[in-house]
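One structure is given here, and the rest of the page talks about it.
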Amino acid sequence: MIHALLEKAFGSLTCPTPAELRAALESLPISLETISPYVPEPEDLPYGRKVLLATEHVEIVLIVLPPDKESAAHNHGHSFGWEWILAGDLTNVIYSLDEEGRGVRPEKSVTVHAGDFCYVAPGEIHAIRNQGETPVVSINAYTPPLCDCQQYK
């Protein structure tokens, strides 16, 4: 069922703009209850990650971030996208490169609440953090599909 909904919303998109990508995400008739059978458990990462749809132009990823967990600082290569928070409060920490261009330093953080969207710009370095007591669940839409992502220390 979820695959059909995602295919209907995103399948015809080719090189979508940020506004088109968000509109497709907002069009989904999805709630935490309908997505819960697909929520992945963390394995090799501090969070669970499951690709729900991948086309030539768009990638849709389901993320679950347990309480008191944080991802490594990373970018999404040349991709941009939206994070739609279905449950919990996500802290999005934005970083900048240090003077040598090899390490990162935090610049600001923004808390995104359940029901809200967070834009991730091309090349933006960020980390996701859950400082709450319940898991954060999000559906993330990226274009083009993720590749050349880099993690930072």
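The values are calculated or read from the model by the stated rules, or taken from the named source; none is laboratory data. Quick caveat, the model's predicted, so the values are computed rather than measured. Ideal geometry is used to build each Cβ from the backbone, glycine not excepted, and the neighbour counts take in all protein chains shown. SASA here: full protein model, heavy atoms, side chains in, ligands and nucleic acids out. Shrake-Rupley method; radii C 1.70, N 1.55, O 1.52, S 1.80 Å.
Annotations for the structure displayed:
- Surface share of carbon and sulfur [accessible, 1.4 angstrom probe, percent] for the stretch 15-124: 51
- Of Val137, Val51, the order by accessible heavy-atom surface (1.4 Å probe, DNA, RNA and ligands excluded), from most exposed downward, is Val51, Val137.
- Identified option (computed Rg and Dmax of the Cα atoms in Å; candidates [x] 14.9, 48; [y] 16.9, 54; [z] 16.0, 51): [x]
- Accessible area per residue in Å² at 1.4 Å probe, computed on the stretch 98-153: 58
- For the residues Glu20, Glu70, Glu83, a GNM of the chain with alpha-carbon springs under 10 Å puts the largest fluctuation on Glu20.
- Computed magnitude of the charge dipole of the stretch 12-149 (debye, nearest 20; Cβ of K, R +1, Cβ of D, E -1): 100
- Computed with the Debye formula from one identical point scatterer per Cα of the stretch 65-123, without solvent, the log10 of I(q)/I(0) at q = 0.21 Å⁻¹ comes to -0.94.
- Among beta bridges that DSSP assigns inside the chain, antiparallel share in %, nearest 5: 100
- Proximal charge balance of Asp98 [Cβ under 15 Å; K/R count +1, D/E count -1]: 0
- Cα lying deepest toward the dipole's positive end in the stretch 1-45, options Ser31, Ala4, Cys15, charges on Cβ: Cys15
- For the chain, built as a Gaussian network whose Cα springs stay under 10 Å, the top-fluctuating residue of Arg105, Arg22, Arg129: Arg105
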